[in-house]
Each structure stands twice: as structure tokens, then as C-alpha cells.
Amino acid sequence: MMKFGNPERFEISAQWLRDAEPRELLPKDFGWSMGELKIVVGGVSLTDHQIHGEQKDAIRWYLGPVIAWLIREWKWLMHEEAYAWPTRPADSSAITVSADLQRFIASEYRPDREIYKTIREWWARHALHSADPSALYPDVFIRRVEDNVEISWLDQQPDFPPDGFELKLKPGTALLPVEDVAEPLWNFLKWAVKTAPALEKEDKHQVAILKSKLTDVKGLAAAELEAAHFANEAIRSVIENARKASHWVPNRRVLPDAPVIAEFDTPALMFGGLNVNFGEQDILRLFDLLVQHRVGGESDGLKSLVSSPSIYEFIQPYAHGYELAYAVRESLGIDHQTAFVDIHQIVYDLGIKIHSEALDTASVRGVAIAGAGLSPAILINEKNKFNASKGGRRFTLAHELCHILFDRSSAKRLSHVSGPWASIRVEKRANAFAAMFLATPHALSKALTGAELSGQMKNLSERFGIGIIALREHMHNLDLISDEEFQQGGGWRH
Ligand SMILES: [Zn+2]
């Protein structure tokens, strides 16, 4: 087997096999391409299976369709992040897209049929199954997430498996640095077109086409690759003009050996993954925020707190957020018993500039920028309902502080817009961080009196400077409010 990549991150290995059948009995398209393919992610082999009582780690099938698909969809696989239809994103694209396909496939309602078509097109760009529905590959999805590549998979068996065939995998997700996926895949493609065992004239022609398409992909301009990241064409064009008007020099980084943007230009990082209807004014305001913060760096105090813990820790995002909040409180010397945390002062002392503005897009709660080449800033959207109260604004500040400290990409840059469409795990973690940063169970239980809880909430909310709804949720998570009391008061979740 030829191996590409690192099995602890991402590895694809393959070999060609000689087919015993005469050529004329094999499929016309790619009948020359019998081989074996193995995919390993994070040390887990996704192609492990059992067939006729034997354990195998590589799938034996025609490789041609997979090679053709990778070349055809390369730009999208490596750069497209957002879903092209309104959805409530789940943990991974494998789950989100499969669930939405199920939901819309049977619908007779006309608009649903259109949505189904859109989902199906997105699926075709990202799901390995779309390369060859007849193959026995696992249900793997590849997509970009900010400056990372997400690989996710389900445990579904192929539609028409041969007798005694069973894939061994459990569902999973990995978020990997772009290089770790892009380079092995690209090297695999280069190897495949170079060594393809085509002998007949027609087969050689098929390989020549693959070769020439691969060369075309190699020649794609950086701006064109990056354009695949923009879900919203209107946003892309506004940013294009804003870049020109402000003489913005793109700070994107292209891989030296593969046609992939490893780090997006900052405005693309900020807006590319969002499929939201931002008004032009808002895009320009946020672009201006980036321009303003293109000078300066970060304080040593802030630097010492920054890290990039994986969002796929084997721990619930809220528990992870709590843990991170404890760690930061401790680093800043805030006692567990302290009831009121002056979040404005803390953010200010860390050298993070706070902007408070009314954006037209009410669903944006806050925006955080930080990292290489940017001085850190948080924007609080006055238009967002959540930010109407003092407690809400404090919560948003703590939430955005979590993004600045822990949600930087592998490139150590952050340009994050918080709203209902953002990654659910990342948002849950930031919300939990904010709640725990502003109120520990030590301080809360000390502040509680023996009186009826509902009568104390207003007082607690003022004392800790958190809105009542967020505080109730937090106390419920901490078991300071029972399930029963929580339901009675109208259970509400982020
Ligand atoms: Zn957020």
C-alpha cells in the first residue's frame, strides 16, 4: 500500500490490484481502476470491515470514481463550510446533512423539494458516498470549518453490501489542521494519476482526462479557491469592494504544494462560513472593525491565558466551558466565593477593546476578533435582544472573552460572529464559560437563603449581574435548581 499522511491525524493509503476478469467484462468507466483504499482518522481506521468472516482494513473496489470525485469537488471539499439551506446545525456535517436529507426527502411540499435539491447538491460536494454509490466505503463527510478541516462519519452500512460484509466503525468527528488533510489527499491524487494502470486506449484516455483536470485544479487562483468559502455571494462581493476601497492586503496563506488556502484572509474567515443575510452596512462596519484593529498586538496578560483546547474533547461542551472558566478565574486571582465579577474591567485590563454598536442584523449577539496581526476587540450588538439589559451585556462580554481565549484556529487567529447559526458546540462552551466565569456554585450557594427560590432570583440576578433566564439555566446545570423547579419556572435552553 502507498501511504499518504499521518495515521494519528489523517492517512489515506491505496494500491492498485490486477483484476482477474477480462477487460470487456468490467465497467466501461474506471473498470481499469480496481484497487484497495484505506482511510485512518485520529488513529481510527474508517475502512475496517468484515467480509466472509475475515477482518480487513482496506476496501477493495474501483478507485477511479473516488479519484474523479476528489478532483471535481476539490475546491469545495477544502474550502466550503456553510450549509446552503436554513438548518439547525448539529455536531458535525455527517449528522446535520444526513438528518436534513431524511427530513426533506419525503416531503410533498414544493418549497421543501427545492430545499432537498440544495441539500443533495451540498451532499454531492462533501460526502464520499456521492463519489460512487455502488461502493462499500464508509459514510464520510469532508468540509472546511474556519481554518480547519472537519472529517465526520456515520456508522451506516452501505446500501447493497455483499453477503457477510459489515463496516466496523462508530460515528465520529475530527477537526484537523488544513495541512494534515489537504497534503495527503493531494499527494494521493498525484500518485493516482501518475501510476493508474490503464492499458487500453479508452482507459488511457480516461486517465489523461483525470490528469488534465488535476492540472486545472492546481492552477486555480487563490481568490477563486477562497471564493468557495463564501456561502453568500452578496457578502463576498461587498467584501471584494471594501478590500479594494481600503487597499486591504489579503493575509491569506496558500499551501506551497497543494491548491488550498490554509489560512483565509481575515474578512473571509469572519464572513465566509456564515449563510446569513447581512446587510451591506453591517458588513462594512465589521470590515471597518478589522481595519481599525489591524495595528497593535496583544498584552502579555492576554497571551498567557490563550490556548486552543479541542472542541471535540470527550466531555460535554458545557462541562468543558465550566472547567475553562475555573482555570481563567484562578489565573486572574478571582476567589471562588466572589459574587460580582467586574467583567468590563477584566476585559479592559487584558487590553481588549470593547465596541458597543447597533448593527442592523439583530441576530448577531457579539463579535470577537483577536490573533496574528490584529489587536483584540469585542463588539456588542445593541440591536440584539439579549444585550438590552446590563446583565445580558456582561454575559455577552464573558462569552466573547471565551472565544478570544479558546476558539482561535490553528493559525491562532479569531474572527468570530456569535449568533444562532454558529457552531453549536463552540457556542455552548462559550455560554457555559460565561455563566461560570460570572457565578461559581460556591458563591451562588453562599448567596442563597432558605426562602422560596423563585422569590430570590431577582436579587441573585442583580447581585451577580446575570440575566434571570441565563442564571436559572446555569443554576439548573449546577443542580442548584431541581428539574422540577426548573420546569415550573418555564424551562428554557440556549
Ligand atoms: Zn459565540
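Is at least one residue of region 476-490 touching a residue at least 40 places away in the same chain (Cβ under 8 Å), β-branched (Val, Ile, Thr) and more than 16 Å from the ligand (Cβ to nearest atom)?
Looking for residues that are touching a residue at least 40 places away in the same chain (Cβ under 8 Å), β-branched (Val, Ile, Thr) and more than 16 Å from the ligand (Cβ to nearest atom), one finds none in region 476-490, hence no.
Could you check Lys383 against (1) charged (D, E, K, R); (2) away from the ligand (no atom under 14 Å from the Cβ); (3) surrounded by 20 or more Cβ atoms within 10 Å (Cβ to Cβ) and say which number it fails?
Going through (1) charged (D, E, K, R); (2) away from the ligand (no atom under 14 Å from the Cβ); (3) surrounded by 20 or more Cβ atoms within 10 Å (Cβ to Cβ) one by one, Lys383 breaks only (3).
Tell me which helices (runs of 4 or more DSSP H) are completely within region 219-323 and hold 2 or more residues being of a type outside the set (D, E, K, R) and closer than 28 Å to Asn431 by Cα, or say none if there are none.
Of the helices (runs of 4 or more DSSP H) lying wholly inside region 219-323, those with at least 2 residues that are of a type outside the set (D, E, K, R) and closer than 28 Å to Asn431 by Cα span 266-271, 280-292, 300-305.
Which number in (1) under 28 Å from Ala198 (Cβ atoms); (2) buried (at least 20 other Cβ atoms within 10 Å of the Cβ) marks the one condition that Val41 misses?
For Val41, the failing item is (1).
Looking for something out of contact with any Pro (no Cβ under 8 Å at 6 or more places or on another chain) and within 12 Å of the ligand (Cβ to nearest atom) - is there at least one such residue anywhere in region 333-353?
There is no residue in region 333-353 that is out of contact with any Pro (no Cβ under 8 Å at 6 or more places or on another chain) and within 12 Å of the ligand (Cβ to nearest atom).
Residues that are in contact with a Ser or Thr (Cβ under 9 Å, 6 or more places away or on another chain) and within 24 Å of Ile311 (Cα to Cα): list the strands (runs of 3 or more DSSP E) wholly contained in region 340-459 that include at least 2 such residues.
Because the criterion is at least 2 residues that are in contact with a Ser or Thr (Cβ under 9 Å, 6 or more places away or on another chain) and within 24 Å of Ile311 (Cα to Cα), the strands (runs of 3 or more DSSP E) in region 340-459 that meet it are 366-371, 374-381, 413-418.
Would you confirm, using the coordinates I've provided, whether Arg365 is at pLDDT below 95 and among the charged types (D, E, K, R)?
yes
Residue-by-condition table, conditions (1) free of Cβ contacts under 8 Å to residues at least 60 places away in the same chain; (2) out of contact with any Leu (no Cβ under 9 Å at 6 or more places or on another chain):
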site: Glu240; (1), (2): yes, yes
site: Val254; (1), (2): yes, no
site: Asp265; (1), (2): yes, yes
site: Gly272; (1), (2): no, yes
site: Glu280; (1), (2): yes, yes
site: Arg285; (1), (2): no, no
site: Val291; (1), (2): yes, yes
site: Arg294; (1), (2): no, no
site: Asp300; (1), (2): yes, yes
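Matching residues to (1) of a type outside the set (A, V, I, L, M); (2) closer than 22 Å to His476 by Cβ; (3) within 12 Å of the ligand (Cβ to nearest atom):
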site: Val367; (1), (2), (3): no, no, yes
site: Asn387; (1), (2), (3): yes, no, no
site: Arg413; (1), (2), (3): yes, no, no
site: Pro420; (1), (2), (3): yes, yes, yes
site: Pro441; (1), (2), (3): yes, yes, no
site: Leu453; (1), (2), (3): no, yes, no
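Cβ-Cβ under 8 Å, sequence separation 6+ or interchain: first residue in region 184-201 and at pLDDT below 95, partner part of a helix (DSSP H, G or I) and charged (D, E, K, R). Which pairs?
Listed pairs, sorted by first residue: Ala198/Lys204; Leu199/Arg23; Glu200/Arg23.
Is there a residue in region 349-358 that is touching a residue at least 24 places away in the same chain (Cβ under 8 Å), among the polar types (S, T, N, Q) and surrounded by fewer than 15 Cβ atoms within 10 Å (Cβ to Cβ)?
Yes, that holds for at least one residue.
Restricting region 359-380 to residues that are over 30 Å from Arg253 (Cβ atoms) and either surrounded by 16 or more Cβ atoms within 10 Å (Cβ to Cβ) or not aliphatic (A, V, I, L, M) (or both), which is nearest to the chain's Cα centre (by Cα)?
Applying the filter and picking the extreme gives Ser363.
Here's a check for you: in region 136-157, which residue that is in contact with a His (Cβ under 8 Å, 6 or more places away or on another chain) and more than 30 Å from Gly272 (Cα to Cα) is surrounded by the fewest Cβ atoms within 10 Å (Cβ to Cβ)?
Only one residue fits best here, namely Leu136.
Run Ala20 past the list (1) farther than 19 Å from Lys168 by Cα; (2) outside any loop (DSSP other than H, G, I, E, B); (3) not acidic (Asp, Glu) and report the number of the one that doesn't hold.
Ala20 satisfies all of (1) farther than 19 Å from Lys168 by Cα; (2) outside any loop (DSSP other than H, G, I, E, B); (3) not acidic (Asp, Glu) except (2).
Return only the number of the condition from (1) more than 21 Å from Ile39 (Cα to Cα); (2) part of a helix (DSSP H, G or I); (3) in contact (Cβ under 8 Å) with a residue 12 or more places away in the chain that Gln102 does not satisfy.
Of (1) more than 21 Å from Ile39 (Cα to Cα); (2) part of a helix (DSSP H, G or I); (3) in contact (Cβ under 8 Å) with a residue 12 or more places away in the chain, only one is false for Gln102: (3).
Using beta carbons and a limit of 9 Å, which pairs, at least six apart or on different chains, have the first residue in region 208-229 and free of Cβ contacts under 8 Å to residues at least 60 places away in the same chain and under 16 Å from Phe30 (Cβ atoms) and the second one assigned to a helix (DSSP H, G or I) and among the basic types (Lys, Arg)?
Sorted first by the residue in region 208-229, then by its partner, the pairs are Lys211/Lys194.
Which is charged (D, E, K, R) and in a helix (DSSP H, G or I), of Lys170, Lys204?
It is Lys204.
Before we move on, is Thr396 of a type in the set (Ser, Thr, Tyr), away from the ligand (no atom under 12 Å from the Cβ) and more than 22 Å from Pro267 (Cβ to Cβ)?
no
All but one of (1) within 15 Å of the ligand (Cβ to nearest atom); (2) more than 22 Å from Leu274 (Cα to Cα) hold for Arg425; state the number of the condition that does not hold.
(2)
Quick one: which of Val306, Val341 is hydrophobic (A, V, I, L, M, F, W, C) and surrounded by fewer than 19 Cβ atoms within 10 Å (Cβ to Cβ)?
Val306
Specify the residue that is farthest from Phe278 (Cα to Cα); the eligible residues are those in region 428-457 that are polar (S, T, N, Q) and without any contact (Cβ under 8 Å) to a residue 60 or more places away in the chain.
Across region 428-457, the extreme among qualifying residues is Thr449.
List the residue pairs whose Cβ atoms are under 7 Å apart, where the first residue sits in region 57-73 and is more than 12 Å from Ser134 (Cβ to Cβ), the second is in a helix (DSSP H, G or I) and basic (Lys, Arg), and the two are 6 or more positions apart or on different chains.
Matching pairs, first to second residue: Ile71/Lys213; Glu73/Arg125.
The values are calculated or read from the model by the stated rules, or taken from the named source; none is laboratory data. Because the structure is a prediction, the values reported are computed rather than measured. Cβ coordinates were reconstructed from backbone atoms using ideal geometry, including for glycine residues, and neighbour counts include every protein chain displayed.
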